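Here is the structure we will look at.
The values are calculated or read from the model by the stated rules, or taken from the named source; none is laboratory data. No experiment lies behind these values; they were computed from the predicted model shown. Note that we place each Cβ from the backbone using ideal geometry, even for glycine, and neighbour counts take in every protein chain shown. For the accessible areas, the whole protein counts, side chains as well, though only heavy atoms, and no ligand, DNA or RNA atoms are used. Shrake-Rupley method; radii C 1.70, N 1.55, O 1.52, S 1.80 Å.
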Amino acid sequence: MVAVTFVDPPAFQQRTDCFTLKISPMKTLIKILSLMCICCLSMFAQDTGSVQGSVIDEREMPMEFANVLLLNAADSSLVKGTISDSLGQFSLQNVPFNQYLISTRSIGFAPVYGPLFELSADNPNHDQGQMRLGESAISLDEVVVKSRKPTVELYADKLVMNVEDNPIATGNSALELLKQAPGVTVDHQDNISLKGQAGVLVIIDGKRSYLSNQEVAKMLDGMSGESVQKIEVIHNPSSKYDAEGTAGVINIVMMKDKNLGLNGRASLTLARGISTNRSSGLDLNYREKRFNLFGSYQVNTRNEEETLWIDRRVPTDEGPVAFDQRMDQIKDRITYSTRVGLDVFLSDKTTVGLLVNRRVWDNDSESVNVTDISGNSGEEFAEIRVLGESDNRFTSDTYNVNLSHAFDQQGHQLSIDADYSRYDDPAHELYETILNDDAGTLVSASTWLRSLSHSKVDIQALKLDYSRPFSESLSLETGLKASRVNTDNAITFEEEVGEWNWEVDEDRSNQFVFDEKIYAAYANLSTRIAKFDVQLGLRSEYTVSDGNSVTLDQQFGNEYLKFFPTLSLSHQVGEKHSLSYSYSKRIGRPNYESLNPFIYYLDQYTFSRGNPYLQPEFSHNFNVTHGFMNFIYTTFSYSRTNDAISELLEQDDESLSTFQTTRNFSTTDNLSLNISAPVPLRDWWMMRMSVSAWYSQFNSNISSGQLDSGAPAANVHLMNMFEIAEGLQAQTSTYYQSPLVWGIYDLKSQWATDVGVSKEVMKGRGELSFNVQDIFNTQQTRLTIDHGSIDFALKQKDETRRFQIGFSYNFGKRTVKKSRSRSTATEEEQNRVNSSN
């Protein structure tokens, strides 16, 4: 047994996690990276053979995503499989010595078989050369070949929920699909957690948005679920990923066209619950020998009603004062999404690309917030009635320029990404406050308050990734990244002092500016030592941040260099079992808005305020995964998070006020078990059950007393897939979330069931679908707090039951050829931006 322990130098172990460097940070990172690479190159061993080659079409163009099968020469049984990369190349590693043949195939092409060959000690490496696919005798313009992936696929390092062609996706938003992913929880404030842990990094197509999770949730809520291809839940990311995200990474992969020539897809969905929703979209792709031009446009209209109940009791010397609050809100939202890209193939090995994304999110809402007060509050009024209107237009623009070059050796690649992103979030709000006594009589004249807020975020990032295989059993990935994020959040409140005469309220107005720079370097080594596949990685990130509360004239900063190691080992145990072990250290930085020290008032008893003294959180994550026949995976995980960032509800008994803020907990421990198993019940009926069970423990000294809480919890997903007839599919999806504890919050159980059916029409080019979301209308959020003097209960019910019908049509050529998938430089920082909403 070998124990590997990573310990930061004493200079880095201070709770402030900051110090002053006396030398250039980039030089330090480069020296560390070079030293690690030199040390890693001595750690390799070779004891198996390999097979490599390439796949081309009838025009001798590289074939991407062709299936390549390694077959046993004795009985043609499948030994291994892979797919060709963007250059048509493929490679199979760690192949036992024996006699084999290669088969390659792709939709629309007849399969091709290579000659017999043998791997041995004298000939451990086999080069298959080029394998040329010719067109199949059956035209895909007449017959459309479609295959459906299982809804959930499990791998040693991640879980994948396939959404494409799923009837339940029709009419739902991307956020609603995310809530169905096994192990994922989204609470009433759109905080996203994984296996009971907060600190999840959400990326889209491998690109970090730099928005807070709440803002990412808002963006996903305006995104059609039919544009999502799959959701990847990555429990143990390698050092190639940004170190952000203490609980793991969720990658939402959007639909991409896979065909040559001119082709596209059009879709339309109508949904009806209490209100009516609509979504429509058009995707176009044109690909030829030297370029690929693609684009999409979507419009998504979502209208819904929401009701929130809050009951709290505050102790006083004269007895408790009760606040019973109800808020009814109507939201009208329209999202416009535009995506345009161009890839130019300068040669068979070099590609340059340009990608532009623009999203506009319009939100209008009206609310009625009524708070009944009983007990001796010391005020004349017993009811506060607040009528509110808001108008918000959130715009995001992202630009990416990229270059990729493949060298002669298989897997030897270089890629460069340069990114610029800008977020603009202006909002107007108007409130009327009415104070009534016990009899409902007006105590004083209504007061009017209006606000204008404006949040702007600018992000620049540059990323370089380089990968090189040194032998059949040793390869290295390395890279550099620099990013800068600048935010400017301003809000101005005005109070009516006469009939439509407005005066600035200086006590409520605020401006907060924040600037952060991160310089990173990483190296990731993959090798084989004896029977173990080993992956060893190290990432270093040097962070400099400065905050300025212009209104309060307060400045603060932080500066620290941290190292994030990753280690994974995997090996076979007999023919049917596999084991893998992994460790990673990760960071969770405060989102920019939570550092703003200003106070935001809802009324005199309710407000929120930031915490400029927040420190980043650091987690140590351990995983052991058992695989059975590459079919069923069971994962046991443990993590400890130091200085865990958590939202808290605090209370001032003297002023009877309750406010929300963010604090660092001392420690948070999480122990979890995850298992997923497919159960074939009939030839036409497949059931899959995914279970995540965990125990979370929280320890810290907070304002309401010593926190020492913990409880077990579980998340269960049960999916049933039915192949009723050719081209006719049905599905049900049920999830159950048990009661759970998160810090001082006790969340009650919740569950929901969705059903859907889809039918292929128009010779497979069209699809008609119908589904009902939350058919029993059971989905709601309930939580309580009973800690110190805080006695608090909340219930939230959104418009969750909807009847939805959709139609999509694919047109154009059907020859499969996938457009490039880019992971840009700004794939992480946007996850921490928070607008003023």
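Would you mind getting me the FRET efficiency between H571 and E164? Use the beta-carbon distance for r and R0 = 30 Å, nearest 0.05. Efficiency computed from Cβ-Cβ geometry: 0.35.
Eigenvalues of the alpha-carbon gyration tensor of region 702-773, scaled by 5 and square-rooted, set the equivalent ellipsoid semi-axes at 44, 11, 8 angstrom, largest first. Among the listed pairs K230/K289; K349/K463; K531/K576; K456/K517, those whose Cα-Cα separation exceeds 23 Å are K230/K289.
In this label model, S444 and L430 are separated by 2.3 nm, measuring between points 7 Å along each Cα→Cβ vector. Across region 567-596, the residues whose backbone nitrogen lies under 14 Å from the label position 7 Å along the beta-carbon direction of H626 are 573-574, 576-581.
Normalised by 2.2 N^0.38 Å, where N is the number of residues, the alpha-carbon radius of gyration of region 468-566 equals 1.95. Take H626: with every protein chain present and a 1.4 Å probe, its accessible area is about 60 Å². Estimated from the Cβ-Cβ distance and a Förster radius of 22 angstrom, the FRET efficiency linking Q229 and Y297 is about 0.80. Straightening the chain between Y399 and T778 buys 132.3 nm, computed as 0.36 nm per residue apart minus the Cα-Cα spacing. Between N67 and T316, full extension at 0.36 nm per residue minus the direct alpha carbon distance yields a gain of 82.5 nm.
Taking a point 7 angstrom from the Cα of D505 along the C-beta vector, which residues in region 627-657 have backbone N less than 19 Å away? The answer is 655-657. Size descriptors for region 631-698: radius of gyration and Dmax over Cα atoms are 20.4, 67 Å.
For G273, nonlocal amide neighbours, meaning residues 5 or more places apart or on other chains whose placed amide H falls under 5 Å from its own, are F803. Between I805 and R422, the FRET efficiency from the beta-carbon distance, with R0 = 60 Å, is close to 0.95. Considered as an equivalent ellipsoid built on the Cα gyration tensor, region 352-498 has semi-axes of 57, 18, 12 Å, the largest given first.
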